[in-house]
Every structure is written in C-alpha cells, then in structure tokens.
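The values are calculated or read from the model by the stated rules, or taken from the named source; none is laboratory data. Note that this is a predicted model, so its numbers are computed, not measured. Reconstructed Cβ throughout: ideal geometry from the backbone, glycine too, with neighbour counts over all protein chains shown.
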Amino acid sequence: MQIETRVDDGVLILTPLDHRIEAYLATAFRSALVDRIDAGARQITIDLHRVDYIDSAGIGALVSALKRIGQHGQLRIARPRPAVRSLLELTRLNRVIPIVDTVAAEAPVAAN
C-alpha cells in the first residue's frame with residue numbers, strides 16, 4: 001500500500017494513495033499506522049480524501065491504531081468521502097476518532 005507522509009506543525013499526516021482499503025491492503029495499512037506510532041508519532045491525521053471504499057478490515061486497522069496510540073496521542077480522520085464518512089458514522093467510529101474537514105493541525109472537529 002502506498003501512503004504519502006508529511007508533517008504539518010507537528011502533526012503526522014498520512015494519505016493513503018489507494019482508492020480502496022480492503023482486506024488485501026488492510027494489513028499493510030495497519031502496519032504503516034502502528035509502525036509510525038511505535039516510532040513516536042503522537043498526533044496523526046489520516047487524510048482519506050482519495051479513499052472511495054473501506055471495508056471491515058480497513059476499519060479494524062483504524063481501531064488498531066487508535067488502541068496503540070491510546071491516551072498518549074490523538075488520531076483523526078480528515079476529509080473522508082461521503083460513502084466512507086457514512087460507514088464511519090454507521091459503525092460509530094466517528095465517536096472515538098474525530099472527523100475533520102481539513103488536514104491542518106488546528107482543524108476544528110466536524111459536527112458528527
């Protein structure tokens with residue numbers, strides 16, 4: 001899985017370049033997230049603006065990252081497309097991982 005990585009004002013921004021995060025990519029996605037957390041990243045925004053579809057394995061990768069970062073940091077999801085946002089809301093993941101409308105470090109949390 002290809003993931004674009006950059007740092008903006010101390011926030012690690014990860015942008016998956018694939019349009020789908022499903023079972024065959026979820027392991028690599030999970031590893032990429034957890035590896036960066038283990039390397040010390042504590043403020044992470046996952047920019048999902050390119051992702052059209054995410055399945056339960058992709059959701060599991062997000063949950064794994066959330067558990068790994070725990071109380072020691074913050075994980076956010078930025079700019080999800082409507083279908084992905086709908087799934088995040090349906091699974092209520094938006095209640096534990098804030099969804100923001102921009103990738104900026106000081107982005108306000110979107111109304112969920």
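Does any residue of the stretch 38-53 turn out to be among the acidic types (D, E) and touching a strand residue (DSSP E or B) at 6+ places or on another chain (Cβ under 6 Å)? Working first, answer last.
In the first step, residues of the stretch 38-53 are kept if they are among the acidic types (D, E); the result is 38, 47, 52.
Add one more test, that the residue is touching a strand residue (DSSP E or B) at 6+ places or on another chain (Cβ under 6 Å), and what stays is 47.
The answer is yes; a qualifying residue exists.
Which condition does Q43 not pass, out of (1) without any contact (Cβ under 8 Å) to a residue 40 or more places away in the chain; (2) touching a Lys or Arg at 6+ places or on another chain (Cβ under 9 Å); (3) not hydrophobic (A, V, I, L, M, F, W, C), if it passes all the others?
Answer for Q43: the failing condition is (1).
Give me the pairs: first residue in the stretch 79-106 and on the phi > 0 side of the Ramachandran plot, second residue in a loop (DSSP other than H, G, I, E, B) and of a type in the set (A, V, I, L, M, F, W, C), beta-carbon distance under 9 Å, and six or more apart or on different chains, which are they?
R79/L48; R79/V103
Can you tell me which residues in the stretch 31-77 are more than 14 Å from G10 (Cβ to Cβ) and among the charged types (D, E, K, R)?
Listed by number, the residues that qualify are D35, D38, D47, R50, D52, D55, K67, R68.
Restricting to the stretch 19-52, what's the tally of residues that are of a type in the set (D, E) and either at pLDDT below 95 or part of a helix (DSSP H, G or I) (or both)?
Number satisfying all stated conditions: 3.
In this structure, does I97 turn out to be among the aliphatic types (A, V, I, L, M), surrounded by 14 or more Cβ atoms within 10 Å (Cβ to Cβ), within 13 Å of the chain's Cα centre (by Cα) and not in a helix (DSSP H, G or I)? Walk me through how you get there before you give the answer.
On the way: among the aliphatic types (A, V, I, L, M): yes; surrounded by 14 or more Cβ atoms within 10 Å (Cβ to Cβ): yes; within 13 Å of the chain's Cα centre (by Cα): yes; not in a helix (DSSP H, G or I): yes.
When the stated conditions are applied, I97 passes them.
Can you say whether R68 is buried (at least 20 other Cβ atoms within 10 Å of the Cβ), of a type in the set (D, E, K, R) and in contact with a helix residue (DSSP H, G or I) (Cβ under 9 Å, 6 or more places away or on another chain), as far as the supplied structure shows? First the steps, then the outcome.
On the way: buried (at least 20 other Cβ atoms within 10 Å of the Cβ): no; of a type in the set (D, E, K, R): yes; in contact with a helix residue (DSSP H, G or I) (Cβ under 9 Å, 6 or more places away or on another chain): yes.
No; evaluated as a whole, the condition is false for this residue.
I69: under 24 Å from V7 (Cβ atoms), part of a strand (DSSP E or B) and in contact with a strand residue (DSSP E or B) (Cβ under 8 Å, 6 or more places away or on another chain), yes or no?
Working: under 24 Å from V7 (Cβ atoms): yes; part of a strand (DSSP E or B): no; in contact with a strand residue (DSSP E or B) (Cβ under 8 Å, 6 or more places away or on another chain): yes.
Answer is no for this residue.
Among the listed residues E4, E89, which satisfies the condition of being of a type in the set (D, E), in a strand (DSSP E or B) and more than 11 Å from the chain's Cα centre (by Cα)?
Of the residues listed, the single one that is of a type in the set (D, E), in a strand (DSSP E or B) and more than 11 Å from the chain's Cα centre (by Cα) is E4.
Among the residues of the stretch 8-37, count how many are surrounded by 14 or more Cβ atoms within 10 Å (Cβ to Cβ), of a type in the set (A, V, I, L, M, F, W, C) and under 22 Å from V100 (Cβ atoms).
Residues flagged as surrounded by 14 or more Cβ atoms within 10 Å (Cβ to Cβ), of a type in the set (A, V, I, L, M, F, W, C) and under 22 Å from V100 (Cβ atoms) within the stretch 8-37 amount to 10.
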